1. Within segment A:233-244, identify whether any single residue is within 14 Å of another protein chain (Cβ to nearest Cβ), in a strand (DSSP E or B) and closer than 20 Å to A:Gln204 by Cα, and answer yes or no.
2. Of all residues in segment A:137-156, which are of a type outside the set (Gly, Ala, Ser) and at pLDDT 90 or above?
3. Quick one: how many residues across segment A:141-176 are surrounded by 16 or more Cβ atoms within 10 Å (Cβ to Cβ), over 17 Å from the mean Cα position of the chain (by Cα) and part of a helix (DSSP H, G or I)?
4. Of the conditions (1) more than 22 Å from the chain's Cα centre (by Cα); (2) touching a residue at least 12 places away in the same chain (Cβ under 8 Å); (3) under 27 Å from B:Tyr76 (Cα atoms), A:Arg310 fails just one. Which one is it?
5. Within segment A:120-139, is there a residue that is assigned to a loop (DSSP other than H, G, I, E, B), within 14 Å of another protein chain (Cβ to nearest Cβ) and within 21 Å of A:Asp70 (Cα to Cα)?
6. Which of the residues that make up segment A:56-85 are within 28 Å of A:Ala248 (Cβ to Cβ) and modelled with pLDDT of 75 or more?
7. Of A:Glu316, A:Glu250, which residue is facing another protein chain (nearest Cβ under 9 Å), part of a helix (DSSP H, G or I) and either touching a helix residue (DSSP H, G or I) at 6+ places or on another chain (Cβ under 6 Å) or more than 24 Å from B:Ala5 (Cβ to Cβ) (or both)?
8. Those residues that are outside any helix (DSSP H, G or I) and at the interface with chain B (Cβ under 8 Å from one of its Cβ atoms), I need them from segment A:302-313; list them, please.
Amino acid sequence: MIPVSVITGFLGSGKTTLLSAVLRDPAYAGSAVIVNEWGDLGLDHELLETSEENLLGLANGCLCCATRGDLARTLIDLVARRKSGAVTYHRVLIETSGLADPAPILHTLLMDPTIAESHRVEAVVTVVDALLGAETIARHPEAAQQAMLADRLLLSKTDLAPDVAALEAQLAELNPGAPILRAVQGAIPPDMLFAAAARPEALQHWLDVTATQSARHSSGVETISILREDPIPGVVLPLFLEALAEHAGEKLLRIKGIIRVAEAPEKPAVLHGVRHVLHPIQWLEDWPSADRRSRLVLIGQGIPQWWPARLLEALEEEARA
Amino acid sequence: MNPPALRALIADSLTLWGVAGRVDIADLGVRITINDLVLHVTQAAPEEAPMRWWLISETRRRPAASMLGLLRSLRYALGATSAEPARARVAAPP
């Protein structure tokens, strides 16, 4: 499986600077890079592909279900060339445009069967300008959306804005579980951004931190966490996710969880989803820590705080009856 | 599921769907009042299995085999469905 990561961030935040620095790392030099703003790109890389920003909306008009047909075609073409031996790469890095919503990109990576059979989503890294980020997020919903969907938040230009406490607090409200890292001119070990984000320990950390933030924030974003001591019957999971998608899908930004399933309590099930699109359930060989409780965290807007827990409880009760 | 828990879940569901209404405990379930519309949700009797719930209006009794089905029926009955409800979409397995 080829790991694929998304680098996003608002206009001028420093995405290309980061990408250039990442590609100088020998372990990442052999990456395929897909960008969509290459007209003014100062990037010199052997395997550079472009992808137009055309969104192909589906009939239901759901923005997150818009497929990035251009991105899919670019990736499929790359894979074909890789198979034929015309190009070699071991990783894909996608740099979005500054105004892009990462959700359709993730949707394409997850839902296109040709891409999903050969790629796995590794991380979404959102670059935030330390100097202008707070104002940008306040003014532009796109910037807030990019921060909310991040696995890693990277503050750029911290040499120009040494005091980032307010910005960090703002980002922690939007996405409390994403570690906030700092870099000047993209100087950061790339593994801290990409590989580390895909490890089970990263999920554990995200859940631990986010679960303590169950509250409605000034941004209107709510973090809702569910903790279960007892294992959850396996049959409940698809019903719960179906109900969640059907009734709260458009209000749900992100869902992550580690579940102790009654039928296989030693192998935790990992849930990841962006809006109502879910990664296939991943089964870990073992728990990442001694804490074996089921934990589920939802980030959304307009979802009553106790609705998901009440729904889960009702479905559990039905399964046990 | 006891009536207070049912009432809480239904009341939260109305909020989620943007429906202003009142949910009271009544008989073996709850009564939902939205302007002139009154609906009842009651738990099905054990002998009615696999049905678990009834959604009752003045003109119709609609069964549901799970909470998932009940919420779907209720939302439909209230006319609170979105044009194209989102379905859970699970990405292709590796």
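1. no
2. Within segment A:137-156, A:Ile137, A:Gln146, A:Asp151, A:Arg152, A:Leu153, A:Leu154, A:Leu155 qualify.
3. Count: 3.
4. Condition not satisfied by A:Arg310: (2).
5. So far as segment A:120-139 goes, no, none of its residues is assigned to a loop (DSSP other than H, G, I, E, B), within 14 Å of another protein chain (Cβ to nearest Cβ) and within 21 Å of A:Asp70 (Cα to Cα).
6. Answer for segment A:56-85, where residues must be within 28 Å of A:Ala248 (Cβ to Cβ) and modelled with pLDDT of 75 or more: A:Leu71, A:Ala72.
7. A:Glu250
8. Result: A:Gly302, A:Ile303, A:Pro304, A:Trp306.
The values are calculated or read from the model by the stated rules, or taken from the named source; none is laboratory data. Remember, predicted model here, so these are calculated numbers, not experimental data. Please note: Cβ atoms are built from the backbone with ideal geometry, for glycine as well, and neighbour counts cover all protein chains shown.
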